[in-house]
Amino acid sequence: MTRIDFSPPGQMMGGSTLQVKVSDTLWRSKPHPAGRYIVRVTGKQYWESGIVEIRANETTTVVPDNYLPASVSVTVMDEGGKPLQNALFTRATGEYAAFLFRRLVPVAGMKAYTDASGQARLEGLRAGRHDFSIEAEGYEPHRLELTLAEGATESGIQVFLKVAVGTITVRLHGMQEGQTYTIWIMQPRGVPVREKRGAEFETEFVRLALRTYTIGVSPSKGGQAASQVVTLAPGASDQVVDLDVSQLRESGR
């Protein structure tokens, strides 16, 4: 099945999908805000455009060209040289890797997961400068910048990830009797990276990468939520977050 997406540069696929198939060779999108986008086609093969400018009140036509795709292979290990399986190798987007739900679904040309030997490969890339991110749960992320020649194969790249040292302790104040709570550790865009259901007064999250998180809490059965932003950084890798849950009520209560 062919899938066609377009999203702003620096974002993962899924910004919008061209949903209307006119013929075997023509697809049309719904009206979309003006801006700069990259079009990606996945199916039997992967193809991506350069920057496409969509202008207001105009129809923009994109015709796939032929280019010699480049590829990049990496081997991901811990500091001791042990291969890390299921580490994420992706085009850098600024989003955090979310291993919470364990849906390890690769996306052609955009993200791949390492195998038991720590190896992963991205294919179908255009020539030029690319930023990549390598992440594994419990480790600090690693950024990789490469300039790829047309049709080039970059291999033999070894990446050693450092153990993450961040800790966030969440304390819930004003817990209601008979009500349970779920705590979420989220990236700034709201995608959860850790969770704790049935949280006690004090819950500790360890081995977090040093970056900014949103800490959220809500009744486990749904309802109002409270949140706070916290940043883990060198010299401030251990943070305590106090959240008042006294006014949070479950849905329907």
Total residues in the range 150-208, condition over 23 Å from the mean Cα position of the chain (by Cα), among the hydrophobic types (A, V, I, L, M, F, W, C) and in the same structural domain as Asn86 (by TED's automatic domain parsing): 1
Condition broken by Gln224, with the remaining ones in (1) surrounded by 15 or more Cβ atoms within 10 Å (Cβ to Cβ); (2) without any contact (Cβ under 8 Å) to a residue 40 or more places away in the chain satisfied: (1)
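Do we have any residue at all in the range 77-99 that's of a type in the set (Val, Ile, Thr), in a strand (DSSP E or B), assigned by TED's automatic domain parsing to the domain that holds Phe132 and surrounded by 15 or more Cβ atoms within 10 Å (Cβ to Cβ)?
Narrowing the range 77-99 to residues of a type in the set (Val, Ile, Thr): 90, 93.
Filter once more, keeping what is in a strand (DSSP E or B): 90.
Applying the additional criterion that residues be assigned by TED's automatic domain parsing to the domain that holds Phe132 yields 90.
Remaining after also requiring surrounded by 15 or more Cβ atoms within 10 Å (Cβ to Cβ): 90.
Yes, there is a match, as at least one residue in the range 77-99 is of a type in the set (Val, Ile, Thr), in a strand (DSSP E or B), assigned by TED's automatic domain parsing to the domain that holds Phe132 and surrounded by 15 or more Cβ atoms within 10 Å (Cβ to Cβ).
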Gly216 in contact (Cβ under 8 Å) with a residue 12 or more places away in the chain, under 25 Å from the mean Cα position of the chain (by Cα) and surrounded by 13 or more Cβ atoms within 10 Å (Cβ to Cβ): yes
Where Gly124 falls short, out of the listed (1) at positive phi; (2) outside any strand (DSSP E or B): (2)
Filter result for Val62 (at pLDDT below 90, surrounded by 14 or more Cβ atoms within 10 Å (Cβ to Cβ), outside the structural domain of Thr147 (by TED's automatic domain parsing) and in a strand (DSSP E or B)): no
Matching residues, the range 234-253, being in contact with a strand residue (DSSP E or B) (Cβ under 9 Å, 6 or more places away or on another chain) and part of a loop (DSSP other than H, G, I, E, B): Ser237, Val245, Ser246, Gln247, Leu248, Arg249, Ser251, Gly252, Arg253
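The values are calculated or read from the model by the stated rules, or taken from the named source; none is laboratory data. Treat the numbers as computed from the prediction; the structure is a model and nothing was measured. As a convention, Cβ positions derive from the backbone with ideal geometry for all residues, glycine included, and neighbour counts pool all protein chains shown.
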